[in-house]
Amino acid sequence: MGTARLYAAVVGSGFRRYATYRTATAAGVFTNTVFGLILAYLFIALWDTKPHLGGYDQAQALSYVWVSQALLMVVAVLGGGFEDELIERIRTGDIAIDLYRPADLQMWWLAQDVGRALFHLLGRGVVPLVFGALVFDLALPSNPLAWLAFLVAVVLGVVVGFAIRFLVALSAFWLLDGAGVAQLTSIAGIFCSGMLLPLNVFPGALGEVVRALPWSSLIQAPVDVLLGTADPLGTYAVQASWAVGLLAAGRLVQSVATRRVVVQGG
Amino acid sequence: MADSVEHGTRVVAGPLGETGRAADSHPFERQGAYERLRDGLRAYRLITAMWIRSTMAYRASFAMTAFGNFAATALDFVAILLMFSQVDRIGGYSLPEVALLYGLSGTAFGLADLGLGSMDRLGRRVRDGTLDTLLVRPVPVLAQVAADRFALRRLGRITQGLLVLGYALAVLDIHWTPLKVLMIPMTLLSGGAIFAAVFVAGGAFQFVAQDASEVQNSFTYGGNTLLQYPPSVFSKDLLRGVTFVLPLAFVNWLPALYVLGRPYPLDLPTWVAFAPPLVAAGCCALAGVAWRAGLRAYRSTGS
């Protein structure tokens with residue numbers, strides 16, 4: 001019970017921490033909306049030329065644009081959030097203090113990241129989606145259960161996103177400078193999450209590969225659950241196995257890494 | 001890192017000291033615009049040279065980040081290739097035509113990003129008070145902010161833009177005239193200047209709204225993304241906005257459409273295709289005014 005309260009408090013502090021910067025949030029919402037507009041017009045042109053591209057009709061493609069803009073920050077496709085801070089703590093040695101705290105390192109940062117995601121869902125997600133729904137004809141469901149199913153997929157997506165970035169951060173135990181790995185992961189995230197183009201539009205073998213990678217759990221999976229273009233239970237199963245597998249990998253790497261930590265006295 | 005910064009400061013201290021003495025000897029004489037520009041460019045050159053030397057101290061890291069910059073940008077174009085694997089035309093334009101738009105906009109943006117890409121750090125400097133340090137130095141603040149943490153890795157973006165441009169020029173079947181040939185470098189330079197003006201205006205805006213550096217991204221990165229696609233894709237209202245309000249259309253669309261011999265969706269006379277240098281000059285002048293207004297409105301926290 002005590003631990004649950006602790007992690008709930010960390011979730012709350014993660015939320016409040018990001019909620020502090022209101023101007024930055026407004027600026028971010030503006031940026032998401034501008035990119036959403038550009039992509040929406042582009043997708044209209046694409047789906048006009050080839051209706052039912054990737055199995056979506058035009059309204060579904062437009063919904064994809066606006067829901068993915070709303071989720072971009074929530075699942076942290078571009079990185080950012082906790083891992084920069086964790087890398088810095090590993091580099092400076094502050095990690096030693098974290099390791100003897102009476103809280104688990106991975107769970108602590110997960111709770112913090114869930115708080116951040118919750119804020120980004122409300123602060124960065126809602127407005128662009130509402131704007132898109134007002135300006136374009138979207139195929140959003142009116143059934144509250146569909147939205148509930150979507151939220152479950154988003155939560156799983158957040159956990160998968162966290163688990164990837166936790167592994168990235170732990171690489172700093174060996175490399176000290178995690179910037180290169182972080183950059184490579186964010187490039188992979190941009191390309192493989194479906195942020196530029198829905199993954200079901202990717203042709204042939206490339207499409208098979210990107211749809212099988214963990215990044216497909218971040219945007220593609222929740223959007224498909226919302227639009228009803230994928231079976232929710234099957235999608236959850238894939239997302240959950242990635243979440244469990246990557247979290248376990250993180251735990252393994254963490255135990256190897258912490259054995260490397262040498263705390264210098266003085 | 002601390003080492004290289006210290007080293008850099010020593011390099012800059014000499015010439016800046018000189019400028020300081022020059023100002024001392026004519027305390028009441030106002031510097032002319034030409035002298036100010038010359039001093040500013042000289043300071044910019046010295047500060048960037050310092051950052052380049054500091055970057056080159058870690059060559060492997062530089063090579064990796066430059067490649068990363070190249071690869072991240074290249075993914076945009078891979079996405080376009082993927083689209084063309086499904087459709088023959090986007091907005092009525094073929095792949096080489098879109099590649100021409102992409103290459104021109106990407107290279108022009110890359111030039112501005114290389115020269116002034118650090119402007120979005122201004123808000124942070126205002127917030128943590130380090131801008132005050134720049135104000136007391138006898139060097140134009142704009143030159144200092146622009147050259148701050150000059151990132152040579154951004155050559156990656158320019159390289160990628162030039163490669164796509166090269167592909168487009170090699171594949172496109174254009175009836176070349178001397179005028180059309182001249183249009184290409186003219187477009188790159190004035191397009192770069194228009195993006196540079198957007199960077200400076202965005203910097204000026206950060207004096208007012210420090211946390212809002214992302215608004216700038218909508219116009220710089222967002223503008224670049226917009227211009228990579230044919231204008232026929234977008235709504236007339238959006239086109240009017242980026243033609244008459246924020247003249248991004250002059251970066252590549254109008255001159256490139258002249259080269260391609262295609263009409264612009266808005267009804268504009270042909271000569272606007274040759275207007276980018278004038279538009280760029282106008283934008284830079286306005287951005288300069290905005291920058292001075294922002295700088296004058298700046299009040300330090302005083303702590």
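Sorted fewest first by neighbouring Cβ atoms within 10 angstrom, A:Asp57, B:Asp211 come out as A:Asp57, B:Asp211.
Here the label points at B:Asp173 and A:Ala133, each 7 Å from Cα along the C-beta direction, are separated by 5.0 nm in the simple model.
Per-residue mean of other chain beta-carbon atoms within 10 angstrom of the beta-carbon, peptide B:213-221? Spell out each step's value before the answer.
Working: counts 3, 10, 8, 2, 6, 10, 2, 0, 3.
Mean inter-chain Cβ contacts per residue within 10 Å come to 5.
In chain A, the longest principal axis of the Cα atoms and the axis of helix A:126-135 are about 10 degrees apart.
With the Cα gyration tensor of the protein assembly as shown in hand, convert its eigenvalues to equivalent ellipsoid semi-axes via √(5λ) and list them largest first in whole Å.
Numbers: eigenvalues 299, 240, 89 Å².
Semi-axes from the Cα gyration tensor: 39, 35, 21 Å.
Taking other C-beta atoms within 10 Å as the exposure proxy, A:Tyr100, B:Tyr44 rank A:Tyr100, B:Tyr44 from fewest upward.
Given the C-alpha atoms of the stretch B:2-297, compute the convex hull and give its volume per residue in Å³. Don't skip to the end; give the middle numbers.
On the way: hull volume 44.3 nm³, N = 296.
Spelled out: Cα convex hull of the stretch B:2-297, divided by residues, is 150 Å³.
Regarding the stretch A:134-266, what whole-number volume in Å³ per residue does the convex hull of its Cα atoms give?
Numbers: hull volume 21.4 nm³, N = 133.
In the stretch A:134-266, the Cα hull volume divided by residue count equals 161 Å³.
Just tell me, in residue order, which DSSP H segments of chain B are both 20 angstrom or longer along the helix axis (alpha-carbon based) and at least 1.6 in mean Kyte-Doolittle hydropathy. If you can, show how the numbers build up before the last one.
Details: long enough: B:2-25 (34 Å, -0.37); B:33-56 (34 Å, -0.25); B:59-86 (41 Å, 1.15); B:95-116 (30 Å, 1.18); B:155-171 (24 Å, 1.43); B:178-208 (46 Å, 1.65); B:213-227 (21 Å, -0.30); B:276-297 (31 Å, 1.05).
Membrane-span-like by this criterion, though nothing is claimed about a membrane: B:178-208.
Convex hull over the alpha-carbon atoms of the stretch A:7-260: what's its volume per residue in Å³?
Working: hull volume 32.6 nm³, N = 254.
Convex hull volume per residue, Cα atoms: 128 Å³.
Each listed q (0.11 Å⁻¹) maps to a log10 I(q)/I(0) for the stretch B:56-209, found by the Debye formula over equal Cα scatterers with no solvent: -0.56.
Just checking the output field for B:87-97: average partner chain Cβ neighbours within 10 Å of each residue's Cβ? Don't skip to the answer; put the middle values down first.
Details: counts 7, 2, 2, 5, 7, 2, 1, 0, 0, 0, 0.
That average works out to 2.
Neighbour counts of other C-beta atoms within 10 Å: give me B:Val164, A:Val126, A:Val34 arranged from fewest to most. Mind showing how you got there, number by number?
Details: B:Val164 26, A:Val126 12, A:Val34 21.
Least crowded to most crowded, the residues run A:Val126, A:Val34, B:Val164.
Label point of B:Glu35 set 7 angstrom out along Cα-Cβ; within the stretch B:125-158, amide nitrogens under 19 Å from it belong to B:137-143. Under the convention that each Lys and Arg Cβ holds +1 and each Asp and Glu Cβ holds -1, the size of the dipole of the stretch B:2-297 around its Cα centre is about 400 debye.
Could you work out, residue by residue across A:177-183, how many beta carbons of other chains sit within 10 Å of that residue's beta carbon, and then give the average as an integer? Mind dumping the intermediate values first?
Values: counts 2, 0, 4, 6, 0, 1, 7.
Per-residue shielding by partner chains comes out at 3.
Quick note on the stretch B:129-280: its Rg to Rh ratio, both from C-alpha atoms and Rh being the Kirkwood radius, is 1.02.
None of the figures in this text is laboratory data; all of them are computed from the coordinates on show. Note that the structure is a prediction, hence the values are computed from the model and not measured. Because the Cβ atoms are built from the backbone with ideal geometry, glycine has one as well, and the counts that use them run over all protein chains shown.
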